[in-house]
Structures are given as C-alpha cells and as structure tokens.
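Heads up, the thing below is written out as structure tokens.
Coordinate-derived values only; no laboratory data. Remember, it's a predicted structure, so these values are computed and weren't measured experimentally. So basically every Cβ, Gly included, is an ideal-geometry build from the backbone, and we count neighbours across all protein chains shown.
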Amino acid sequence: MNFITTKLSDCYIIEPKIIHDERGYFMESFNEKTFQEGIHQNVHFVQDNQSYSTKGVLRGLHYQSGSSAQAKLVRVLEGEVLDVAVDIRPNSPTFGEHVSVLLSSENKRQFFIPRGFAHGFIVLSNTATFFYKCDNFYNKESEGGIIYNDPELKIDWKFSFEELIVSEKDKNLPTLQKAKKVW
C-alpha cells in the first residue's frame, strides 16, 4: 500500500497494491499493521458502515464530538464520489481548510480521515456504494455537522447547488463558526 500525505496533517490517501491476472484482480484492502505503520497512529476500527446513493446526492459534512469523535477509513465499492474532509480541530494550523479526493471503484483509493475532521461526499456517477470503517461507535448525542455550502469553506462540490440532493437535516446544519466544537 502507498500512503500519500495531504495538506491536512494526519489525513492520508491510500493506494492499494493491485495484482491483476487473467481471472481479474486481487488486493489487500485492509491490514491493521500496515495501516498503523502507514499513518503513524494506533487506530483500531470497531464499526463498518455502508451507504448507497444516486448521482448528485451529497452527504455531510458530519462528525462526532467529544469522547465519541471518530476516525474513518473510507472507500467506494461501486461508482465514483468526491470525498471531502474539513479540519475542525480548534488549535490546528489548518483549521477550516479542506481536502477533496476522488474515490472510485476504478482507482480503488481509500481516504483516512482522523478524529477532529468533518466529513462528506457527493456522488459523481449514476450510483455509488460507499464503505467506511469507524474507530468509535456512533452516538446520537455527540453528532455534529457543518452546512455543505458554508461560504467560509469554499468547497467545490462539482455540481451547482440547485442540482444537489441533500437531506433536510443536512440543509439545516450550521456554519463552521456556529457548529458544535469537536472537543
């Protein structure tokens, strides 16, 4: 596996080693030892989640706060998404900055988002199956979010706002400045 650093400390793009032959391909999608060495952190995943969405669906920006904060390892099993992580760590030099990564069933890339980041994605293909591992269990009381079109964040979602399919809950999230603090 190849671990690629991003402009946000502790966020990594992970490219698997893919072995192709006449039967198809094989890849190791996760190995805890290799993963921990690659990200230089001791992260232990406890929950897997999967979602299916259609083109233009935007999910996010979500996070868990306090002792329920979550790190995530995300990937696309089918389709293509633009995945976004926003640094919301209060004392971080990159607070409020984001990184966008194209994840697809074709490139098989994964994206590691540590605790202290808001996360969201938009489906670029007709449909997408999105898979993610979390290092902490979901806790409704610790749920936090930031509005996807916060002008301070300047995220280019690759669609006009009129084309987006966003849940009512996500449409009513606060801006970064008014959001619940991550810690």
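Figure legend: label point modelled 7 angstrom from the Cα of GLU152 along Cα→Cβ; residues of segment 102-124 with amide N under 19 Å from it are 116-120.
If the chain linking LYS55 and LYS140 were pulled fully straight, counting 0.36 nm for each residue of separation and taking away their Cα-Cα distance, it would gain 27.9 nm. Residue-wise HN-Hα couplings along segment 145-158, as the Karplus relation 6.51 cos²θ - 1.76 cosθ + 1.60 with θ = phi - 60° gives them from phi, are x, 10, 4, 4, 10, 4, x, 5, 7, 6, 7, 8, 7, 6 Hz; Gly and Pro carry x. Take the Cα of ASP21, step 7 Å toward its Cβ, do the same at ASN2, and the gap between the two points is 2.3 nm. Pairs from the table (LYS33/LYS180; LYS55/LYS171; LYS108/LYS154; LYS7/LYS154) lying more than 23 angstrom apart at Cα are LYS33/LYS180; LYS108/LYS154. The mean sequence separation of alpha-carbon pairs under 8 Å and at least six residues apart, normalised by the residue count of the chain, gives a relative contact order of 29 percent. If you take the Cα centroid of segment 96-168 and the Cα centroid of segment 46-77, the two points sit 7 Å apart. For segment 129-145, backbone nitrogen atoms closer than 19 Å to the point 7 Å from GLU32 Cα along Cα-to-C-beta are found at 132-138. What is segment 1-43 by shape, rounded, prolate or oblate, if you read a ≥ b ≥ c off the alpha carbon gyration tensor as root eigenvalues and call it rounded for a/c under 1.5, prolate for a/b larger than b/c, and oblate otherwise? Cα axes put segment 1-43 in the oblate bin. In the chain, the DSSP-assigned H stretches of four residues or longer account for a calculated mean residue ellipticity at 222 nm of -1500 deg cm²/dmol, using -39500 (n - 2.57) per stretch and the full residue count as denominator.
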